[in-house]
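Report on the following structure.
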């Protein structure tokens, strides 16, 4: 959870300011934004160590990075950083700069600033901290996750001692005070780590919502009690599914290489560092190691206190071989005697998102916004607008059904050419095969591009845009035929909400994240319950009143498109969802050059959507379609979500009937010829001889 608790300057202890200055920028009160002496000192230390052990950035430069610049490591960015740091020094006093820095600096586990960090680590405000606690916090900016006392207590203590020694050297405290502080036991605030990591994106969205609605003072100091719609079991299942899916995709793209390559002289020093860092080896965790030798069947890796082995049969995804001196990350497996069994690990660069909503309540039961919240706080489930590709096609087919087409209606799947000025567009099907006249059901199940475009021409682009708006799309939509193939960039939430219309008999469902908020006295500030469905009112012959979920699509049409999406699973691109063992409706989505992969699917009571892609749009890899890259994540999550529940089929509305037809022509099938049962809205079914 990303948190910022603004701390007024007068409530920041002098000792805390001194600790951060001593640890991060000893020349802070002497330089004008850039410390050339500090850069030289860091350079000497790094040359002596043979590696980067100290940085040369001042507190002012760090402030510039956190407030203004991105993290790209380029010469131009460094020059901008220096220029902006000098400008800040000209316009702000040292005290003002330090105040901003201490309220902005990232201190691990989603906490920004000393206010949030003091509360998170110790359950205190900054002016209540002891020297022991202050020195631990002051050691975090260099590498907040590495020096986290929750993740590596020994390294955190070593860093704490470094800060205390620096404070002694700068004359801020005595040697005796430093030793006493180091010996003081740290009482860390307990946290449930697995759920915290899994739910970080969800809770950050809730935090932003609360701050916008009630203000920071009320949220951080008002003692609010907040109830959310998140289901912790489903949230953890979503977290695991996304991670496993992205790791599998990343492996298919191959190993990117070691983090470093050590010389023989560096190996011994690195071994000593590993002994300190990897003191507590536990199965399932990720550790840094260095390859020591490569044998015919095994690769041996130094972890510090132990040496583990990787079975070379598990390195088929590595192009080439591992070599001595390669610094790599490994996942700890079981022990065979005293030897840890290891697996080569690589953190994926690719991102993904998942959003699951209960139907028809709208409760958002799970949301994952990316691989790791602590790597990037950008929520790809809510904020990322990406081309939907073929996942948008159900909107086109539902629009056609609402204009009188049927699942058995025939559309032509043949090559088409579109010209606009000097530009020529020749869309083609995924397998570059054309099927001629086909039923709508077949065209959607097999995601035929040309058939979809011909259908969209008949429906009309203007009608498609208006129809998509009815389904809840608010992002800009391309007002041309390319929209039918998902050229418009939309969010995962928009896609899930649109499909939810199909799943709920045509109702536009309002997503619910926060269910109830009370103040410290128990007074209810807000309470959100599922809205009644318009169809429920109408079913009792009543006119809807108050707030309700409107019916934006005919109930029968919603069932027809759902039934067609079941064919996508049974015989089309969504075949992986058959592994669920439940009646479900779903659609894959893949954009040009395999840049985005989607899978949106639902059962009668739960809908979930998955997106996979790079933040900077580029190909995921050959054949990384929605079926291959996104569907396995959806299946993994839904299996856990539906565990123990009896399968439930989609209810057939009263105005839908099934008629036996000839699938090739869409006309009634005679008793002596093959036929299939196809759903129709009553009154639209084919008549004898028609």
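No value in this document is a laboratory result; all are computed from the given coordinates. Keep in mind that what you see is a predicted model, and the values were worked out from it rather than measured. Heads up, the Cβs are rebuilt from the backbone with ideal geometry, glycines too, and the neighbour counts pull from every protein chain shown.
The table for this structure:
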{"item": "0 to 90° range, to nearest 10: angle between helix 232-252 axis and the chain longest Cα axis", "result": "90"}
{"item": "Relative contact order [Cα under 8 Å, 6+ residues apart], region 490-630, whole percent", "result": "20"}
{"item": "Neighbour-count ranking [beta-carbon atoms within 10 angstrom, fewest first] of 232, 549", "result": "232, 549"}
{"item": "Value of relative contact order over region 351-641, rounded to a whole percent, pairs C-alpha under 8 Å and six or more apart", "result": "22"}
{"item": "Percent of beta bridges antiparallel (DSSP, the chain, rounded to nearest 5)", "result": "90"}
{"item": "Label-point separation in nm, residue 10 to residue 79, each point 7 Å along Cα→Cβ", "result": "4.5"}
{"item": "Rounded tilt (10° steps) of 393-402 against the dominant C-alpha axis of the chain", "result": "30"}
{"item": "Cα gyration tensor of the chain - equivalent ellipsoid semi-axes, whole Å, descending", "result": "54, 30, 24"}
{"item": "Difference of contour (0.36 nm per residue) and Cα-Cα distance, residue 432 to residue 658", "result": "78.0 nm"}
{"item": "Shape of region 260-345, Cα gyration tensor, a/c cut at 1.5", "result": "oblate"}
{"item": "Segment residue 96-residue 592, extension gain: residue separation times 0.36 nm, minus the distance between their alpha carbons", "result": "173.6 nm"}
{"item": "Globularity index of region 595-690, i.e. its alpha-carbon radius of gyration over 2.2 N^0.38 Å", "result": "1.60"}
{"item": "MRE, 222 nm, helices only [DSSP H, n ≥ 4, -39500 (n - 2.57), over the chain, to nearest 500]", "result": "-11000 deg cm²/dmol"}
{"item": "Residue order, fewest to most beta carbons within 10 Å, for 625, 474, 515", "result": "474, 515, 625"}
{"item": "Nitroxide proxy distance, nm - points 7 Å out along Cα→Cβ at residue 86 and residue 267", "result": "4.7"}
{"item": "Separation between Cα centres of region 547-594 and region 133-157, rounded to whole Å", "result": "48"}
{"item": "Angle in degrees between helix 449-459 and the longest Cα principal axis of the chain, rounded to the nearest 10", "result": "60"}
{"item": "Shape call, region 357-424: gyration tensor on alpha carbons, a/c limit 1.5", "result": "oblate"}
{"item": "R0 of 41 Å, Cβ-Cβ distance residue 378-residue 673: FRET efficiency to nearest 0.05", "result": "0.15"}
{"item": "Additional length obtainable on full extension of the chain from residue 605 to residue 335, 0.36 nm per residue less Cα span", "result": "92.9 nm"}
{"item": "Cα shape, region 390-483, gyration tensor, a/c 1.5 rule", "result": "oblate"}
{"item": "Sorted peptide list for 383-393, 221-231, criterion being average Cβ within 10 angstrom, highest first", "result": "383-393, 221-231"}
{"item": "Förster radius 30 Å - calculated FRET efficiency between residue 385 and residue 213, Cβ distance, rounded to 0.05", "result": "0.80"}
{"item": "Sorted peptide list for 441-454, 135-148, criterion being average Cβ within 10 angstrom, highest first", "result": "441-454, 135-148"}
{"item": "Neighbour-count order for 32, 14, fewest beta carbons within 10 angstrom listed first", "result": "14, 32"}
{"item": "Residue 315-residue 543 FRET efficiency (beta carbon distance; Förster radius 56 Å; 0.05 resolution)", "result": "0.25"}
{"item": "Where labels lie 7 Å past Cα in the beta-carbon direction, separation of residue 528 and residue 280 in nm", "result": "3.8"}
